[in-house]
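A short worksheet on the structure shown next.
Each value in this text was obtained by applying a stated rule to the coordinates, not by laboratory testing. Predicted model only: the values in this text are computed from it and were never measured. Here the Cβ positions follow ideal geometry from the backbone for every residue, glycine too, while neighbour counts run over all protein chains shown.
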Amino acid sequence: MNNPDTIKLDQFLKIVGLVGTGGQAKLLIQSGEVTVNGAVETRRGRKLVVGDQVSVMGETFDVQADVQVEG
């Protein structure tokens, strides 16, 4: 069962529009280009919680409570 207060890193990247597919998210994450709270994260399934900061290619995104996961 999924915790409604978390979102996986690859899903988050799709929602904010940085990638179009899960495959693109996987490649971006595995390349070491993504940081979560200042630390490089290479696990696409990393669970993000409200307040986490995700940085990619010079842009930083805050994980907020209104992020909706469809699926």
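Can you list which of the trypsin sites (Lys or Arg not before Pro) found in the stretch 1-67 are DSSP loop residues with at most 13 other C-beta atoms within 10 Å? Could you put the intermediate results ahead of the total?
Details: sites: K8, K14, K26, R43, R44, R46, K47; in loops: R43, R44, R46.
Sites meeting the loop and neighbour criteria: R43.
Give, to the nearest whole percent, the P(r) tail of the chain beyond 18 angstrom, counting all Cα pairs.
On the way: 673 of 2485 pairs.
Result: 27 percent of Cα pairs exceed 18 Å.
So for the stretch 6-62, averaging the separation of alpha carbon pairs under 8 Å that are six or more residues apart and normalising by length, what relative contact order in percent results? Mind dumping the intermediate values first?
On the way: 81 pairs, mean separation 19.4, N = 57.
Contact order relative to length: 34 percent.
Give me E41, E33, E59 ranked fewest to most by other Cβ atoms within 10 Å of their Cβ, as a rough exposure proxy.
E59, E33, E41
Give me the dipole magnitude in Debye, nearest 20, for the chain about the Cα centre, with unit charges on the beta carbon: positive for Lys and Arg, negative for Asp and Glu. Show your work: numbers first, answer last.
Details: 7 positive and 9 negative charges, 68 e Å.
Using Cβ point charges on Lys, Arg, Asp and Glu, the chain gives about 320 debye.
Tell me, what ³J(HN,Hα) does each residue in the stretch 29-38 have, in order and in whole Hz, if you take phi through Karplus 6.51 cos²θ - 1.76 cosθ + 1.60 with θ = phi - 60° and put x for Gly and Pro?
Per-residue couplings from phi come out as 5, 5, 6, x, 8, 10, 10, 10, 6, x Hz.
Which is farthest toward the positive dipole end of the stretch 1-67 among G51, I29, V16, measuring Cα position about the Cα centre, with Cβ charges +1 (Lys, Arg) and -1 (Asp, Glu)?
I29
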